[in-house]
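The block underneath contains the structure these notes are about, expressed in structure tokens.
Readers should treat all values here as calculations from the given coordinates under stated rules, not as data from a laboratory. Note that the structure is predicted; figures quoted are calculated from it, not measured. Don't worry about glycine lacking a Cβ; one is built from the backbone with ideal geometry, like all the others, and counts go over all protein chains shown.
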Ligand SMILES: Cc1cc2nc3c(=O)[nH]c(=O)nc-3n(C[C@H](O)[C@H](O)[C@H](O)COP(=O)(O)OP(=O)(O)OC[C@H]3O[C@@H](n4cnc5c(N)ncnc54)[C@H](O)[C@@H]3O)c2cc1C
């Protein structure tokens, strides 16, 4: 890793803030195109990375970085994900598998995707990133200097002032540096949520992601993920509204006790209770910003849009947005500023997809009306069929210009409105559960 750079002596073309997936993906694409890239990362130790169950579009995006599916499997970084299982406390379960038609022309999608060990994946991408010539510095951006809608420089905690022609904000959802600097409009979804998770050794695992939940009943759904990141290691995590965790903490429960109580509730997970210390935790709010492109800057990854973990769409979004943001800088490198239309189209694509994923998962699964009306298994179908198909259509259509982006936005907007309408109808046709049973237990 390089020591802090003197940017006047070593001019750089692009400053990338954040060396997570979006920042590293963008840096690699930019550097391969011959741009001089400086990436500033506050946590080079990469503490507790998340994002282990990948959507079907992610493997192709990893391949463009130099990490084809087979090499990730051969290196023990990934396991196959062939389906998603929704498993209820009463033992019933439903398997969600991508439709056979997706594997046939014109889609030709590989019907397998991956679970990944995120620490190992991040290390593998970082090797490619450093080998591609990107300069990485360990520092934290604390201030953004602007003139009008342009970014001039960023100031770091160690006192560096870093100026460049182009900037990419990939600082993640907790920081969202440019959206906050430019006070960009935000759309928020669902309550603040808390996730707590840990890793367990198992004798065998299945080639799928399992979501454990109560199913029909609770007003707002809480759930536990089970992801086989290695054939003998599973990641298990509990996601809950922050208020529910706060209330349990006020009753004197520790984070570990809250986590263990959740594992106890599901027959498959009870056996794990003896082998956990203090779980890792994080909190988040699902949200997406509008207008995420300026004349010489863009926002990518969770800094632009935080999609709910249940959608398994964050990794795809980060890699895809990193690639598209890099594409725009490369296209406009000689002109010196991104065309307003191209920047607006990029922003619209990010906005429409994040709004769809977040509103669909909230309306169909987290919230009670649709889940209780048609049952959790059919609600699972109602979410997965359009959500998985949209990602496939996006990967194949590769919308970039006005016409393809508008077509895609209309498609996504119509699906979102239909689901919103159905949620409204269901909320009027059944009694509202008063208090979450899950929130009262444990
Ligand atoms: C609990 C949970 C579970 C998830 N599970 C899944 C899943 O199963 N599948 C899936 O696809 N997605 C999942 N996601 C989402 C996925 O992990 C993320 O969308 C993805 O990793 C985001 O990558 P990113 O590069 O945008 O952000 P990050 O990985 O957050 O990277 C941002 C980087 O910026 C750095 N940074 C922050 N501020 C500054 C600053 N001021 N200066 C310099 N650097 C800074 C940070 O240190 C960080 O390294 C999950 C998310 C959560 C919260």
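Just a few scattered comments:
- Measuring nothing but how far apart in sequence close Cα pairs (under 8 Å, 6+ apart) lie, relative to its length, region 199-358 scores a relative contact order of 17 percent.
- Each peptide in 197-203, 333-339 gets a packing score, the mean of other Cβ atoms within 10 Å over its residues, and the list from highest to lowest is 197-203, 333-339.
- The shape of region 222-297 can be summarised by an equivalent ellipsoid whose semi-axes, obtained from the alpha carbon gyration tensor, come to 31, 19, 10 Å from longest to shortest.
- nm² value of the averaged projected area, convex hull over the Cα atoms of region 319-384: 5.4
- Mean Cβ count within 10 Å, highest first, over the residues of peptides 63-70, 305-312: 305-312, 63-70
- Normalised by 2.2 N^0.38 Å, where N is the number of residues, the C-alpha radius of gyration of region 101-162 stands at 1.89.
- Highest mean packing first, where packing is the average number of other Cβ atoms within 10 Å per residue, the peptides 354-367, 235-248 line up as 354-367, 235-248.
- Point-to-point label distance, residue 89-residue 261, nm (Cα→Cβ direction, 7 Å offset): 1.2
- Reference-scaled alpha-carbon Rg (2.2 N^0.38 Å with N residues) for region 1-125: 1.35
- Beta bridges per DSSP with both ends in region 1-132, % antiparallel, nearest 5: 70
- Cα pair count fraction exceeding 13 Å, expressed as % - region 143-201: 72
- Across every pair of non-identical alpha carbons in the chain, the mean reciprocal distance, once inverted, gives a Kirkwood radius of 22.5 Å.
- Against the empirical curve 2.2 N^0.38 Å, the C-alpha radius of gyration of region 201-359 lands at a ratio of 1.33.
- Each 5 Å bin, from zero up to the one with the longest distance, holds this percent of the alpha carbon pairs of region 309-354: 5, 20, 27, 22, 13, 8, 4, 1, 0.
- Semi-axis lengths, largest first, of the ellipsoid equivalent to region 211-263 are 22, 16, 8 Å, with √(5λ) applied to each eigenvalue of the Cα gyration tensor.
- Each stretch of four or more DSSP H residues adds -39500 (n - 2.57); spread over every residue of the chain, this sum gives -12000 deg cm²/dmol at 222 nm.
- Alpha carbon centroid spacing (whole Å) that separates region 188-250 from region 85-99: 15
- Cα gyration tensor, region 127-241 - rounded (a/c under 1.5), prolate or oblate: oblate
- For region 33-97, pairs of C-alpha atoms spaced more than 13 angstrom apart make up 78 percent of the total.
- Along its three principal directions, the equivalent ellipsoid of region 52-183 from the Cα gyration tensor extends over semi-axes of 38, 19, 16 Å, largest first.
- Convex hull volume per residue, computed on the Cα atoms of region 297-442, equals 119 Å³.
- Segment residue 277-residue 119, length gained on full extension (0.36 nm per residue, minus Cα span): 54.9 nm
- Whole-number percent relative contact order across the chain, with pairs defined as alpha carbons under 8 Å at least 6 apart: 20
- DSSP beta bridge pairing in the chain, given as percent antiparallel to the nearest 5: 70
- Over region 339-420, the pair-distance histogram of Cα-Cα distances with 5 Å bins from zero comes to 3, 15, 25, 22, 14, 10, 6, 3, 1, 0 percent, rounded to whole numbers.
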